[in-house]
Amino acid sequence: MNQSEVTPKNIVLIGFMGSGKSTVGRELHKRLGYPLTDMDQLIEETMGKKITEIFKEEGESAFRDFETLQLLEISKQTDTRHIISTGGGIVVRPGNRPLLRQLGYVVWLDAPQNEIYRRTSRNEDRPLLNQPNARERIATMMAEREPWYRETAHLKIDTLGLDFNEISSGILESARYFFTQPV
Ligand code: S3P
């Protein structure tokens, strides 16, 4: 996770479902005042449907196409200092990973499998986990995606035992250097 190549642009949050990206994104937005782009929300607004419906009606592959399109759109924007919160599967497509790194300082929020299960089992908005074998799905998908998160991130934060305030402070502390550089 080489930090020296980072240009001072945006803060990008990646990590598995339930890792806290949306909540931490909102917290960073509040503290820094940078606009927040929540990619899942943007996809739902653009498509006029919930993610569960997109998966059901058009399938995962179509969802991934929308996700990549959205990322390409965001990458074209020249204004900087945004907080960008991504969907957990953004790293699945290899071409997305360098795009994310070019977007700014990439922070990977991580948590143990049991914790992810605990956090995600309460809601039904995640089509990939809304199935009877969610525990096994989490284990398999996390193992598969781990190297991709690692490859993409400039910073990894183990979130277990930390509250959103502490996580945000950790990110700001470490991102501060990059955001004091002229853009
Ligand atoms: C997905 C994660 C979800 C959403 C979609 C697919 C994934 O976002 O993009 O359900 O493949 O991990 P969150 O990580 O915000 O839940």
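Worth a mention:
- Relative contact order of the range 47-144, taken over Cα pairs closer than 8 Å and 6 or more residues apart, is 28 percent.
- Entry comment: accessible area of the range 3-180 is 49 Å² per residue, from protein heavy atoms only and a probe of 1.4 Å.
- Taking Cα atoms only, the orientation of helix 51-76 departs from the longest principal axis of the chain by about 10 degrees.
- The long axis of helix 134-152 is offset from the longest Cα principal axis of the chain by roughly 30 degrees.
- Segment residue 78-residue 102, length gained on full extension (0.36 nm per residue, minus Cα span): 7.4 nm
- GluC sites (Glu not before Pro) within the range 114-183, DSSP loop, no more than 12 other Cβ atoms inside 10 Å: 124
- Accessible surface of the range 3-180, 1.4 Å probe, proportion on carbon and sulfur as whole %: 50
- Contact order for the chain, expressed relative to its length and based on alpha carbon pairs under 8 Å spaced 6+ residues apart, stands at 38 percent.
- Acute angle (nearest 10 degrees) that the helix 164-179 long axis makes with the longest principal axis of the chain, alpha-carbon atoms: 40
- Ordering of 44-51, 62-69 by burial proxy (mean other Cβ atoms within 10 Å per residue, highest first): 62-69, 44-51
The values are calculated or read from the model by the stated rules, or taken from the named source; none is laboratory data. None of the values given here were measured: they were computed from a predicted structure. Using ideal geometry, Cβ is built from the backbone for each residue, glycine included, and neighbour counts are taken over all protein chains shown. Only protein heavy atoms, including side chains, enter the accessible area calculation; ligands, DNA and RNA are left aside. Shrake-Rupley method; radii C 1.70, N 1.55, O 1.52, S 1.80 Å.
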